[in-house]
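In what follows, a single structure is set out as structure tokens and then discussed.
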Amino acid sequence: MSDKEVSITVDSTSIVPMIDKNQTQLIFQRHCNYDRKNGKLHPESVEDQKSIMQSFIADLKNSFSTEDLQNTYFLFTSSNTVSDNDFKRCIETTNIAMESIKQFLKEHHISTSHIINLNEDSNYNGQIHESRQLVEPKMFTDRTGYYDFLSKKYNGINVDFWTDFEEDLSKEKREELGAEGPEQIVERAVCYIQILQRYASYFHKKYPNSRLVIWNGTHYDLISPVVKQRILHLEKSFWLKVDYCGGISLVIDELNGVIANVNGARYPFDFGEIKQPHRHF
């Protein structure tokens, strides 16, 4: 992978408010950088996340009227991937976002129930919703043996290991073992987005003229292939980086159409062959 030309890096430019009435914004954000030994978030990366949230909130203040803010709602979901030391890097990153929005609402005398996770009528019990649709590659936990196969082939987790996985160079062996590959990661991401489309449609019927932001904490391994395959239509061999705390936004309009925003540029989102999504996210 180091020999490839790196021409695109997904940064945090698209993590800004960008919706009108009766629209939903889906933010897919990579977690903060973290210590591979103890699983804890790097303090410098935590500060980066706080800075992103300060900018997001400043844009809310500048772009939305008081009436708009009174009709804006938030839902926070996250991968529940756990490190060896029981730290959940995506949840911890997403929690910084949720706490920032919570403080913003308090300062503007808006009920924190506008964060759906904190609404007593919801079933989230004040917690970030943990979604298995947002997790890192399932080879780490699925016991198919594919992780062991790649690790043995390349003497551990290294550049060659990830190149093989991302380009699906050992596809025949992966399929033999029944393991998830990059295309399957994209399929579960698309399925998840379809679920959120359905949720957004229901939400706006219940709350006309509202705005909804659904913040999804996830991994490079999901964002990168989704951008490559369903937004920019790049080859698997193209190395598309994602900054820590970087991410993309998808805007669901009143007609349930979806436009992607990557580094500030708008693109149609390609759902491919529509499949029946799961009922829950």
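Worth pointing out:
- Restricting attention to the range 65-221, lysine pairs at least eight places apart or on different chains and with alpha-carbon atoms under 20 angstrom apart total 9.
- The chain, helix-only ellipticity at 222 nm - DSSP H runs n ≥ 4, -39,500 (n - 2.57), divided by all residues, nearest 500: -11500 deg cm²/dmol
- Accessible area in the full protein assembly, largest first, 1.4 Å probe, for Leu118, Leu105: Leu118, Leu105
- Peptides 81-92, 186-197, 253-264, 220-231 ranked from most to least packed give 220-231, 186-197, 81-92, 253-264, packing being the mean of other C-beta atoms within 10 angstrom over each peptide's residues.
- Take the range 45-170 with all the other protein chains still there, run a 1.4 Å probe, and you get 51 Å² of accessible area per residue.
- Modelled FRET efficiency - R0 30 Å, Ser83 with Glu172, Cβ distances, 0.05 increments: 0.45
- Short-range pairs are left out: with C-alpha atoms under 8 Å and at least six residues apart, the relative contact order of the chain is 35 percent.
- Segments 61-70, 20-29 sorted - mean Cβ within 10 Å per residue, highest first: 20-29, 61-70
The values are calculated or read from the model by the stated rules, or taken from the named source; none is laboratory data. Bear in mind that the values here come from a model prediction, so they are computed numbers and not experimental data. No Cβ is skipped: glycine too gets one built from the backbone with ideal geometry, and neighbour counts run over all protein chains shown. To get the accessible areas, we keep the full protein, side chains included, count just its heavy atoms, and leave off ligands, DNA and RNA. Shrake-Rupley method; radii C 1.70, N 1.55, O 1.52, S 1.80 Å.
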